[in-house]
């Protein structure tokens with residue numbers, strides 16, 4: 001079974017979501033289905049069909065999260081701190097064309113969230129940054145074409 005690399009914070013977030021789904025969302029949707037059934041004819045009951053669809057989504061997400069959590073390999077970012085960029089590093093880069101400064105933490109697929117500055121180690125920029133160090137220029141193939149970034153800061157927090 002393949003391990004899934006993850007930061008401790010990412011692991012805790014997934015556990016919290018799983019607990020929420022099991023203890024709050026699942027019982028609420030079961031109650032909603034019961035109420036919709038009480039309204040009679042299920043073939044034309046939109047509330048019932050919507051609740052069953054939501055139940056299906058919740059159960060699927062619970063299965064997915066249980067699988068991910070059971071295979072998670074929590075990596076202590078501080079323990080792996082190094083000069084070179086590794087999983088868990090927070091990296092500040094400057095776009096060499098626009099001079100825009102961007103900061104990302106390199107994390108696993110299940111905890112990646114670009115709006116929060118967390119990119120997957122499997123994403124093009126994540127893959128390009130792994131193994132590099134401060135002062136290095138990195139070439140990244142993006143959907144917008146070839147981009148060049150300079151690594152200006154690396155830290156493990």
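The values are calculated or read from the model by the stated rules, or taken from the named source; none is laboratory data. All of these numbers come straight from a predicted model, not from anything done at the bench. Counting neighbours? That spans all protein chains shown, and the Cβs are built from the backbone with ideal geometry, glycine included.
What number of residues within the stretch 80-112 are in contact with a helix residue (DSSP H, G or I) (Cβ under 6 Å, 6 or more places away or on another chain) and assigned to a loop (DSSP other than H, G, I, E, B)?
Within the stretch 80-112, residues that are in contact with a helix residue (DSSP H, G or I) (Cβ under 6 Å, 6 or more places away or on another chain) and assigned to a loop (DSSP other than H, G, I, E, B) number 1.
Somewhere in the stretch 42-63, is a residue at pLDDT 95 or above, part of a helix (DSSP H, G or I) and within 20 Å of residue 113 (Cα to Cα)?
Looking for residues that are at pLDDT 95 or above, part of a helix (DSSP H, G or I) and within 20 Å of residue 113 (Cα to Cα), one finds at least one in the stretch 42-63, hence yes.
Regarding residue 1, is this residue in contact (Cβ under 8 Å) with a residue 40 or more places away in the chain and surrounded by fewer than 11 Cβ atoms within 10 Å (Cβ to Cβ)? Talk me through it step by step, then tell me what you get.
Numbers: in contact (Cβ under 8 Å) with a residue 40 or more places away in the chain: yes; surrounded by fewer than 11 Cβ atoms within 10 Å (Cβ to Cβ): yes.
Here the answer is yes, as residue 1 does meet what is asked.
Taking residue 68, is it in contact (Cβ under 8 Å) with a residue 60 or more places away in the chain and closer than 30 Å to residue 150 by Cα? Reasoning before the result, please.
On the way: in contact (Cβ under 8 Å) with a residue 60 or more places away in the chain: yes; closer than 30 Å to residue 150 by Cα: no.
Considered against the rule, which asks whether it is in contact (Cβ under 8 Å) with a residue 60 or more places away in the chain and closer than 30 Å to residue 150 by Cα, residue 68 comes out as no.
Being surrounded by fewer than 19 Cβ atoms within 10 Å (Cβ to Cβ) and under 10 Å from residue 130 (Cα atoms) is the filter here; which residues of the stretch 76-86 pass it?
Result: 84, 86.
Quick one: would you say residue 116 is under 22 Å from the mean Cα position of the chain (by Cα), outside the structural domain of residue 23 (by TED's automatic domain parsing) and exposed (fewer than 14 other Cβ atoms within 10 Å of the Cβ)?
Details: under 22 Å from the mean Cα position of the chain (by Cα): yes; outside the structural domain of residue 23 (by TED's automatic domain parsing): yes; exposed (fewer than 14 other Cβ atoms within 10 Å of the Cβ): yes.
Judged against the criteria, residue 116 is a match.
Select from the stretch 131-151 the residues that are part of a loop (DSSP other than H, G, I, E, B) and surrounded by 15 or more Cβ atoms within 10 Å (Cβ to Cβ) and list them in ascending order.
Result: 132, 134, 136.
Tell me, which residue of the stretch 113-130 that is assigned to a loop (DSSP other than H, G, I, E, B) and touching a residue at least 40 places away in the same chain (Cβ under 8 Å) is farthest from residue 3 (Cα to Cα)?
130
Within the stretch 39-58, track down each residue that is closer than 30 Å to residue 106 by Cα and without any contact (Cβ under 8 Å) to a residue 24 or more places away in the chain.
At the first step, the residues of the stretch 39-58 found to be closer than 30 Å to residue 106 by Cα are 57-58.
Listed by number, the list holds a single entry, 57.
Scan the stretch 21-57 residue by residue and report those that are within 30 Å of residue 5 (Cβ to Cβ) and surrounded by 16 or more Cβ atoms within 10 Å (Cβ to Cβ).
21, 25 - these are the residues of the stretch 21-57 that are within 30 Å of residue 5 (Cβ to Cβ) and surrounded by 16 or more Cβ atoms within 10 Å (Cβ to Cβ).
So which residues in the stretch 122-138 are closer than 15 Å to residue 92 by Cα and touching a strand residue (DSSP E or B) at 6+ places or on another chain (Cβ under 6 Å)?
125, 126, 128, 129, 131, 132, 133, 134, 136, 137, 138
Take residue 77 and decide whether it is under 22 Å from the mean Cα position of the chain (by Cα) and outside any helix (DSSP H, G or I). Full working, then the answer.
Values: under 22 Å from the mean Cα position of the chain (by Cα): yes; outside any helix (DSSP H, G or I): yes.
Criteria met by residue 77.
So, residue 109, is that one surrounded by fewer than 17 Cβ atoms within 10 Å (Cβ to Cβ), within 16 Å of residue 5 (Cα to Cα) and assigned by TED's automatic domain parsing to the domain that holds residue 151 or not? Don't jump to the end; show me each part of the working.
Values: surrounded by fewer than 17 Cβ atoms within 10 Å (Cβ to Cβ): yes; within 16 Å of residue 5 (Cα to Cα): yes; assigned by TED's automatic domain parsing to the domain that holds residue 151: yes.
Yes: the conditions hold for residue 109.
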